[in-house]
Amino acid sequence: MRVTNTRNLHGHVIQQLGVRIVSGQLQPGDVLPREETLAEQMAVSRTALREAMRVLSAKGLVEARPKVGTRVRDERYWQQLDADVLAWRCASMPPADFVQKLVQMREIFEPAAAAFAAVRRDAEQLKQLETAYRAMESARNTDEWAEADLHFHEAVLIATNNELMTSLFSVVETALGSFFVQSARKRRDFKYSLPYHQQVCEAIRLRQPEVARGAMQKMIVDSHTNMSGKPRTRKSA
């Protein structure tokens, strides 16, 4: 049955082809089937397919070349921080690689964000951070915990009062959400990292930037240890 509702276009063609490319089912240099053939295979109109290809091209995943057709681009051209591309990578990446790369990204900006938040936050932003922390305290299961955890880290970034820093959240939201769910499910006590969140929250409340930075760094390292399956030592706990 041909998909004709244009509102379903992104969820059909872009999702299907994007996942195939990012997961490696389609390799760089592979030429996609001719337009009419691909449209028939994906049960969409040729017009809808062209619109989807424009989106995938903007994400750096494909390019159209005269006399060659549409082919998959090399990974170095992908818009790696595009929300869709990042989500597809997180879903297809081996768990160990996903954890390692996300931890590296977090270590670059989250400790600094916590320090900036301690200096620049206002009363309303502190209230939002404390609300997220209390939601983590009262979480009854891993899903509630992960959602509250995500709001906590978003609140830290917002409290920096740096719109460029805040925009990072929309980029890494999907990856972080997946990470928090996986991390919580790794341990019987899914609230194991609550003390670190409390330290970050308290340091931001007291306007102690270096304390906030250090607590966030320890939180990231501890969550990495948890996800890697290594035993947590007395010092790390």
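Throughout, read-outs are computed from the coordinates displayed, never taken from laboratory work. Being a predicted model, the structure only gives us computed values, none of them experimental. When we count neighbours, we look across all protein chains shown, and the Cβ atoms used for this are built from the backbone with ideal geometry, even at glycine.
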In nm, to one decimal, how far is the Ala96 label point from the Asp30 one, both placed 7 Å along Cα→Cβ?
2.5 nm
When 1/r is averaged over all different Cα pairs and the result inverted, which Kirkwood radius in Å belongs to the stretch 6-77?
12.1 Å
Extending each Cα 7 Å along its Cβ direction at Val171 and Arg205, get the distance between those two points in nm, one decimal.
3.2 nm
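What order do you get for 83-89, 130-136 when each peptide is scored by the mean count of other beta carbon atoms within 10 Å, highest first?
Numbers: 83-89: 19.1, 130-136: 17.6.
For the peptides 83-89, 130-136, the packing ranking is 83-89, 130-136.
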What are the membrane-span-like helices in the chain by this rule: whole DSSP H runs, Cα extent along the axis at least 20 Å, mean Kyte-Doolittle hydropathy at least -1.0?
95-120, 123-138, 142-158, 163-185, 209-228
Normalise the Cα radius of gyration of the stretch 93-228 by 2.2 N^0.38 Å (N = residues in it) and let me know the number.
0.96
How much length would be gained if the chain were fully extended between Ala135 and Ala83, taking 0.36 nm per residue of separation minus their Cα-Cα distance, in nm to one decimal?
16.1 nm
What the Cα atoms of the chain span along the principal axes, largest first and in whole Å, is 63, 38, 32
